[in-house]
Amino acid sequence: MHQSQSIARLPRQRAASTKVWLGALLVSTAFLAAAPITSLAASSDGMHDAICNGDLNAVKRLLARGASVNQKMKGGGYPRELAAYCYGGQPRIADYLLKRGADVNKHGRDYSVLMWALRSAEGDPNDSMRKIVVKLLDRGAKIRYQDPPTGRPPLMLAASNGDKPIEDRML
């Protein structure tokens, strides 16, 4: 075969290999799209990532596919606990989890859900994480809980925020 003939065939060979590669990509993408996320939900990595990325739609998808709002995650915490503190809190996700029946007193770390929310909240009544604190209190979050390593109760966190109305609710 002459060199110019082999060069002329090169685009057709690349096109054929590109079609095979694209076909394989489409098949694997279709498989992944059709695959249930229950394995992700069960491992809780998907829920953890969705919450920390502030991706409410991903949280909704995971819950729709079998994840639980009260499911313990890999790191030992629970979804609403993570929503209360991850990167300063994810109030939209925390609110959604509460509406879906998240247990406000179930937690896996030393801090309670209320304590994590208080850490993420500001004293401003319009702060969205502070509104989650109010919702947690309305739903019966334990105010007498003490962090085992330090002995601090939620009231101390509210006081450190300078949030007198929340402090008064706890007294």
> Are any residues in segment 86-128 under 18 Å from Thr150 (Cα atoms), in a helix (DSSP H, G or I) and open to solvent by 10 Å² or more (accessible area, probe 1.4 Å), and if so, which ones?
Replying inline: Trp116, Arg119
> Looking at Asp163, is it acidic (Asp, Glu), touching a residue at least 40 places away in the same chain (Cβ under 8 Å) and more than 17 Å from Glu81 (Cβ to Cβ)?
Replying inline: yes
> Of the residues Ala35, Ala67, which single one is modelled with pLDDT of 50 or more, over 11 Å from the mean Cα position of the chain (by Cα), open to solvent by less than 70 Å² (accessible area, probe 1.4 Å) and farther than 19 Å from Met115 by Cα?
Replying inline: Ala67
> Leu82 versus (1) over 24 Å from Asp49 (Cβ atoms); (2) in contact (Cβ under 8 Å) with a residue 12 or more places away in the chain: which is the lone unmet condition?
Replying inline: (1)
> Mind checking which residues of segment 145-168 are acidic (Asp, Glu) and either in contact with a Gly (Cβ under 6 Å, 6 or more places away or on another chain) or open to solvent by 50 Å² or more (accessible area, probe 1.4 Å) (or both)?
Replying inline: Asp163, Asp168
> Of the residues Lys142, Lys135, which single one is in contact with a Pro (Cβ under 9 Å, 6 or more places away or on another chain) and either open to solvent by 10 Å² or more (accessible area, probe 1.4 Å) or part of a helix (DSSP H, G or I) (or both)?
Replying inline: Lys142
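The values are calculated or read from the model by the stated rules, or taken from the named source; none is laboratory data. All values derive from a computational prediction rather than experimental measurement. Counting neighbours? That spans all protein chains shown, and the Cβs are built from the backbone with ideal geometry, glycine included. The accessibility values were calculated without ligands, DNA or RNA, using every heavy atom of the protein model including side chains. Shrake-Rupley method; radii C 1.70, N 1.55, O 1.52, S 1.80 Å.
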